[in-house]
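Report on the following structure.
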Amino acid sequence: MCIIVQNQGFRHWLDGTFAQPDLSTSPGRHYMWQLNDDSLKAFLFHTISHTECKLIKDLPMANAVWNTLRIRHEKQGPYTQLMLIKQCLDIRFNLATPLNKTID
């Protein structure tokens, strides 16, 4: 995820190092920052499961979404992460079931 985001030029929004400009002093910069943050948030939502979307839907910025997801997966530990990878590799798709339902 970090590589994809960096490739698209959103790394500073993801890691939180590019602060949101003040609306009262720089409305144009604030608006552009917000558009970029919204784009990154939408990308993150598009690439995660529906279950995780429910956990982060109310977070205000892409950085908060990213940190919540990162911490959630890091806390699971290596064994749980390996089991999740194994489950993903065992997924079998069929035409009768929508992809998002199969993945969930």
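Quick look at the numbers
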read-out: Contacts under 9 angstrom Cβ, first residue in the stretch 48-70 being closer than 11 Å to D104 by Cβ, partner of a type in the set (F, W, Y) and surrounded by 11 or more Cβ atoms within 10 Å (Cβ to Cβ), 6 or more apart; value: E52/F45; C53/F45
read-out: Residue in the stretch 13-29 that is closer than 23 Å to K101 by Cα and at pLDDT 90 or above present; value: no
read-out: Helices (runs of 4 or more DSSP H) completely within the stretch 45-104 that count 2 or more residues being more than 23 Å from D15 (Cβ to Cβ); value: 50-56, 77-90, 99-103
read-out: Within the stretch 25-41, considering residues that are of a type in the set (A, V, I, L, M, F, W, C) and free of Cβ contacts under 8 Å to residues at least 12 places away in the same chain, the one surrounded by the fewest Cβ atoms within 10 Å (Cβ to Cβ); value: L35
read-out: Residues of the stretch 1-44 satisfying the condition of being of a type in the set (F, W, Y) and either in a helix (DSSP H, G or I) or under 25 Å from I85 (Cβ atoms) (or both); value: W13, Y31, W33, F43
read-out: Residues being out of contact with any His (no Cβ under 7 Å at 6 or more places or on another chain), aliphatic (A, V, I, L, M) and without any contact (Cβ under 8 Å) to a residue 24 or more places away in the chain - total across the stretch 5-24; value: 1
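The values are calculated or read from the model by the stated rules, or taken from the named source; none is laboratory data. All figures in this text were calculated on a predicted structure; none of them were measured in a lab. Every residue, glycine among them, receives a Cβ derived from its backbone with ideal geometry; neighbour counts consider all protein chains shown.
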